[in-house]
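These notes concern the structure reproduced below.
Every number here is computed from the coordinates shown, using simple stated rules; none is lab data. As the structure is a computational prediction, the values presented were derived from the model and not from experiment. We place every Cβ from the backbone using ideal geometry, glycine too, and count neighbours over all the protein chains shown.
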Amino acid sequence: MLEAELLARIQFGVTIGFHYLYPPMSIGLALIMVFMEWRFLRTKNPLFEQMTKFWTKVFGLTFAVGVATGIVMEFEFGTNWATYSRYVGDIFGSPLAAEALFAFFLESVFLGVLIFGWNKVSPKVHFFSTLMVALGSTLSAFWILVANSWMHTPAGFELITENGVTRAVITDFWAMVFNPSTIDRLTHTLSAAWLTGAFLVMSISAWYILKKRHIEFAKSSFKIALFLAVFASLFQLFTGHNSAIGVTKHQPTKLAAFEGHFNTEPADLYLFGWVNKEEQKVHGIAIPGMLSYMVHFDGSQPVTGLNEFPEDEWPPLQATFQTYHLMVAIGMLFIGLTLLSLFLLYRKKLFDTKWLLAAFVPAFLLPHLANMLGWCSAEIGRQPWVVQGVLKTSDAISKVVSPGQIWFSLILFTLIYTILLVLFVYLLLKKIKDGPEELPITN
């Protein structure tokens with residue numbers, strides 16, 4: 001029978017896995033909508049208004065389901081992770097409260113104007129609402145990542161003991177907010193969200209082009225999303241590299257697990273492989289010294305290996321290694337796919353290349369897969385710590401919750417989330433089938 005700790009981790013993984021499908025789409029779509037509506041204000045071309053209205057409908061659906069799937073997570077901190085909540089709740093709760101006060105309310109209030117205010121407010125006021133919705137979605141990501149980043153690189157706090165109970169309290173709020181990994185994780189996550197929104201737009205647009213429907217709308221939408229996708233895919237290289245350097249400094253066991261690196265010596269960079277823990281080696285293809293070069297800009301410099309740490313503080317090696325390398329592989333695929341598309345667009349051949357358009361239709365799944373893999377590699381790679389160097393996952397679990405209780409809620413929430421996902425897909429397909437509003441006929 002599975003233990004309560006593992007079940008609670010599975011339940012939280014399922015919960016956040018379902019929820020994390022939606023915020024990246026919202027963040028990426030919001031940025032695209034801002035550009036489209038700005039173009040409408042500048043050119044007065046009704047095509048850009050048509051585009052903004054259609055993608056706003058998709059955004060509204062995504063936002064609604066994202067909110068519905070995110071509520072449960074905060075309750076799980078109190079039910080399954082009560083010890084964690086008591087221990088670091090004073091710190092962890094602060095960015096979550098800020099997210100609700102400064103981001104969610106901002107996004108929610110102006111979303112009403114964005115969706116229902118087309119004929120009720122001036123174009124400039126409506127555009128301001130679109131800007132505020134985009135800002136709110138980005139601020140929401142910021143505060144959530146502050147909370148999560150603090151768990152990886154805790155800062156600005158101290159441990160105090162009162163009446164025999166130890167807990168963490170904030171000593172420097174801004175040091176907690178801008179802890180050593182906040183900016184690196186924020187930029188990497190935002191670029192991933194931009195890719196997610198861009199690929200959704202390109203997927204739907206490619207389908208319209210292949211079906212010979214709404215051609216002008218689809219081509220314009222595709223081009224706008226493509227430019228964002230090219231920038232975001234290349235920006236991912238930069239943000240990913242910075243994040244890896246930060247991991248080297250603050251979570252060396254995680255970096256070593258990413259590459260299956262056991263001894264402190266110059267390290268290779270594996271393209272793919274399989275970690276053999278017993279032999280303490282990786283069977284695969286690697287670029288000699290490349291990890292050392294990427295971290296130290298010197299291929300002969302040593303990288304800290306797993307053997308420098310107690311084995312009970314190693315993360316699960318195979319899961320960390322494989323999820324990390326699959327994420328990187330998909331990231332490189334993004335670069336190749338978007339640059340090829342940009343080249344064909346420059347040669348005026350993109351929309352005649354049917355096989356590439358057909359590939360873009362299911363390609364909207366790739367950013368979601370990369371997001372999940374990246375999240376898994378980051379969170380599994382932090383184990384056995386729930387707060388790095390401060391609190392272990394095994395000590396954070398609620399002491400009175402039984403495996404049976406967690407099984408019940410796990411099955412129940414998985415069923416509910418599955419129904420919500422099916423409903424989301426059904427409504428999204430219906431909106432795609434209905435298509436954008438037709439442009440007024442001009443003489």
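Once the piece of chain linking Gln318 and Leu342 is laid out straight, how much longer is it, given 0.36 nm per residue of separation minus the C-alpha distance between them?
5.0 nm
Per-residue ellipticity at 222 nm computed for the chain from its helices equals -23500 deg cm²/dmol, with DSSP H segments shorter than 4 residues left out and the rest contributing -39,500 (n - 2.57). The distance linking the range 255-312 with the range 40-87 is 39 Å (Cα centroid to Cα centroid, whole angstrom).
Let a ≥ b ≥ c be the square roots of the eigenvalues of the Cα gyration tensor of the range 157-215; is it rounded (a/c under 1.5), or, if not, prolate (a/b larger than b/c) or oblate? It comes out prolate by the Cα gyration axes. The ranking of Met25, Met294 by Cβ neighbour count inside 10 Å, starting from the fewest, reads Met294, Met25.
The rule of thumb for compact globular proteins, 2.2 N^0.38 Å, goes into the C-alpha radius of gyration of the chain 1.04 times. With a Förster radius of 56 Å applied to the beta-carbon distance between Thr83 and Ile285, the computed FRET efficiency rounds to 0.80. Distance between the pseudo-spin-label points of Thr171 and Glu158 (7 Å out from Cα toward the beta carbon): 0.5 nm.
Within the shell defined by Cβ-Cβ distances under 14 Å, the residues around Glu76 carry a net charge of -1, with Lys and Arg each +1 and Asp and Glu each -1. Loop-located trypsin sites (Lys or Arg not before Pro) across the range 346-410 with a Cβ neighbour count of 15 or fewer within 10 Å are Arg347, Lys348, Lys349, Lys399, with loop assigned by DSSP.
Under the shape rule built on the C-alpha gyration tensor, where the axes satisfy a ≥ b ≥ c, the range 92-162 is prolate, since a/c reaches at least 1.5 and a/b is greater than b/c.
The label point for Phe116 and the one for Lys223, both projected 7 Å from the Cα toward the Cβ, are 3.6 nm apart. Amide hydrogen proximity for Ile287: with H placed 1.01 Å from N in the peptide plane, the residues at 5 or more positions away or on another chain lying under 5 Å are Leu269, Tyr270, Leu271. Helix 123-152: angle to the longest alpha-carbon principal axis of the chain, degrees 0 to 90, nearest 10? Rounded to the nearest ten degrees, it is 10.
For His126, what charge total do you get from the other residues with a beta carbon under 11 Å from its beta carbon, if Lys and Arg give +1 and Asp and Glu give -1? Show your work: numbers first, answer last.
Working: positive: Lys53, Lys120, Lys124; negative: Glu37, Glu49.
Summing Lys and Arg as +1 and Asp and Glu as -1 gives +1.
What FRET efficiency comes out for the pair Trp38/Leu237, r = Cβ-Cβ distance, R0 = 22 Å, nearest 0.05? It comes to 0.20.
Shape verdict for the range 121-263, please, from the Cα gyration tensor: rounded (a/c under 1.5), prolate (a/b greater than b/c) or oblate. In terms of gyration-tensor shape, oblate. Given their separation in residues at 0.36 nm each and the Cα-Cα distance between them, Ile335 and Lys211 gain 42.0 nm when the chain is fully extended. Distances between placed amide hydrogens fall under 5 Å for Phe262 paired with Leu306, all partners being 5 or more residues away or on another chain. May I ask for the angle, rounded to the nearest 10°, between helix 317-346 and the longest principal axis of the chain, with both axes built from Cα atoms and the value confined to 0 to 90°? Tilt relative to the chain: about 20 degrees. Summarising the amide proton neighbourhood of Trp81: residues at separation of 5 or more, or on other chains, whose placed amide H is nearer than 5 Å comprise Ser398.
Assuming R0 = 41 Å, what is the FRET efficiency of Lys431 and Asn307, from their Cβ-Cβ distance, to the nearest 0.05? Working shown, then result.
Values: r = 54 Å, r/R0 = 1.32.
The calculated FRET efficiency here is 0.15.
Electrostatic tally near Gln388: other residues with Cβ closer than 14 Å to its Cβ, Lys and Arg +1, Asp and Glu -1, net +2.
Applying Stokes-Einstein at 37 °C and 0.692 mPa s to the Kirkwood radius of the range 1-129, computed over alpha-carbon pairs, gives a translational diffusion coefficient of 193 µm² s⁻¹. Longest stretch of the chain clear of exposed loop sites (GluC sites (Glu not before Pro), DSSP loop, at most 12 other Cβ atoms within 10 Å, sites excluded): 4-277. Compared with the alpha-carbon gap, the fully stretched path from Leu271 to Asp395 is longer by 41.1 nm at 0.36 nm per residue. Contact order for the chain, expressed relative to its length and based on alpha carbon pairs under 8 Å spaced 6+ residues apart, stands at 21 percent.
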